1. How many residues are under 13 Å from CYS30 (Cα atoms), among the hydroxyl-bearing types (Ser, Thr, Tyr) and either touching a residue at least 24 places away in the same chain (Cβ under 8 Å) or exposed (fewer than 12 other Cβ atoms within 10 Å of the Cβ) (or both) if we restrict to segment 42-60?
2. Of the residues that sit in segment 29-41 and are within 11 Å of the chain's Cα centre (by Cα) and within 20 Å of LYS14 (Cβ to Cβ), which one is surrounded by the fewest Cβ atoms within 10 Å (Cβ to Cβ)?
3. Which ones in segment 1-41 are part of a strand (DSSP E or B), under 13 Å from THR60 (Cα atoms) and touching a residue at least 24 places away in the same chain (Cβ under 8 Å)?
4. How many residues does segment 42-57 hold that are of a type in the set (Ser, Thr, Tyr) and over 10 Å from the mean Cα position of the chain (by Cα)?
Amino acid sequence: MAESVTVNEGTYDKLGIVHCGVIKGFKVTCGPEMKVLHNGDEHLFEMTGITAKREGESVTFSKD
């Protein structure tokens, strides 16, 4: 079963033990990695195996 959390710009949450957040300008962080996401973008953070997908003003982090 997949786990997921959804966060907005300027906030963070934890997915398991990994901190996932969205910094101003939609700089998305997941553990020690960072990536800028534009609306509709999706990115796999290889160190944690967590995928981030931006939809409008929110980003959903998920792990299978």
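1. Matching residues across segment 42-60 total 2.
2. Going through the qualifying residues, I end up with MET34.
3. GLU3, SER4, VAL5, THR6, VAL7, ASN8, ASP13, LEU15, CYS20, VAL22, VAL28, CYS30
4. At the first step, the residues of segment 42-57 found to be of a type in the set (Ser, Thr, Tyr) are 48, 51.
Narrowing further to those that are over 10 Å from the mean Cα position of the chain (by Cα): 48.
Total satisfying the criteria: 1.
Every number in this text was worked out from the coordinates using simple rules, so none of it is lab data. On a predicted model such as this, the values are computed, not experimentally measured, just so you know. Positions of Cβ are generated from backbone atoms using ideal geometry, with glycine treated the same way; all protein chains shown enter the neighbour counts.
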